[in-house]
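The structure under discussion appears below in the form of structure tokens.
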Amino acid sequence: MNARLSLVTACAGVALVVTGCGGGAAPASQGSSAPTTTTTTQPAADPVKWAGAFCSGTTPVLTGAVELITVVAANAENPPAIKEGMLKLLDTGGKAMADTEKKLKDVGAPGPEHQAMHDELVKMFGDGAKEYVTVREQISKIDANAPDFMAQVEKIGGDSADPSKLSAQIKKLDSDPKLKDAVKTAPECTEMRTKLGKIIGQ
């Protein structure tokens with residue numbers, strides 16, 4: 001468990017660095033305009049709104065994961081407190097992922113060239129939300145006072161809601177000029193940088 005939590009810390013740190021890199025204003029040449037399309041598909045979404053939807057769901061998951069590390073460290077001899085912290089994280093993260101799945105669907109892809117990424121993220125948040133619900137149900141049934149409580153917890157869950165996947169997606173956004181500028185501009189992404197910075201101490 002400690003090793004996995006350390007990985008989460010690293011992932012959150014990566015997210016902070018990537019979304020906060022540059023620190024300057026977004027290049028004026030990019031702005032927030034979206035390319036037009038003549039297809040029968042939904043018009044391209046505003047990249048800033050799309051990035052905001054992504055960050056609004058990512059923030060509670062990453063910040064919650066980092067906060068859980070503090071709970072575990074401060075309650076090494078108090079498994080019930082650790083269990084309570086885990087359930088809180090799963091409740092918050094699961095709701096955030098489900099809400100984000102809906103927001104991204106409502107906003108739509110920020111252009112035909114980003115449709116595949118958009119669909120991947122919608123699926124990732126949707127699958128993650130379902131996994132959080134399943135994991136929560138399993139952890140809630142474990143006796144926190146059992147000698148092997150942490151060992152039982154380590155056996156639970158898959159990788160659909162792995163925070164490292166969010167960091168990987170942020171890297172993809174950072175490598176795309178239009179989306180990188182949108183992430184720098186969206187208020188929800190600014191909030192994510194601020195919250196992660198306070199928690200990690202940067």
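The values are calculated or read from the model by the stated rules, or taken from the named source; none is laboratory data. Since we're looking at a predicted model, the values are computed, not measured. We place every Cβ from the backbone using ideal geometry, glycine too, and count neighbours over all the protein chains shown. Keep in mind that these areas ignore ligands, DNA and RNA; they rest on the heavy atoms of the full protein, side chains included. Shrake-Rupley method; radii C 1.70, N 1.55, O 1.52, S 1.80 Å.
Tabulated results
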{"quantity": "Residue in region 94-111 that is farther than 19 Å from GLY128 by Cβ and in a helix (DSSP H, G or I) present", "calculated": "no"}
{"quantity": "Residues being within 24 Å of LYS172 (Cβ to Cβ), open to solvent by 40 Å² or more (accessible area, probe 1.4 Å) and in contact (Cβ under 8 Å) with a residue 24 or more places away in the chain - total across region 48-102", "calculated": "4"}
{"quantity": "Helices (runs of 4 or more DSSP H) within region 146-202 that include 1 or more residues modelled with pLDDT under 90, charged (D, E, K, R) and under 19 Å from LEU90 (Cβ atoms)", "calculated": "149-154, 163-174, 187-200"}
{"quantity": "Pair list, Cβ < 7 Å and 6+ apart or interchain, from region 114-138 residues that are under 15 Å from GLY57 (Cα atoms) and open to solvent by less than 30 Å² (accessible area, probe 1.4 Å) to residues that are of a type in the set (Lys, Arg) and part of a helix (DSSP H, G or I)", "calculated": "VAL122/LYS105; MET124/LYS165"}
{"quantity": "Residues being within 17 Å of GLU188 (Cα to Cα) and β-branched (Val, Ile, Thr) - total across region 91-141", "calculated": "3"}
{"quantity": "Filter result (out of contact with any helix residue (DSSP H, G or I) (no Cβ under 7 Å at 6 or more places or on another chain) and either of a type outside the set (S, T, N, Q) or not in a helix (DSSP H, G or I) (or both)) within region 45-80", "calculated": "ASP46, ALA73, ALA74, ALA76, GLU77, ASN78, PRO80"}
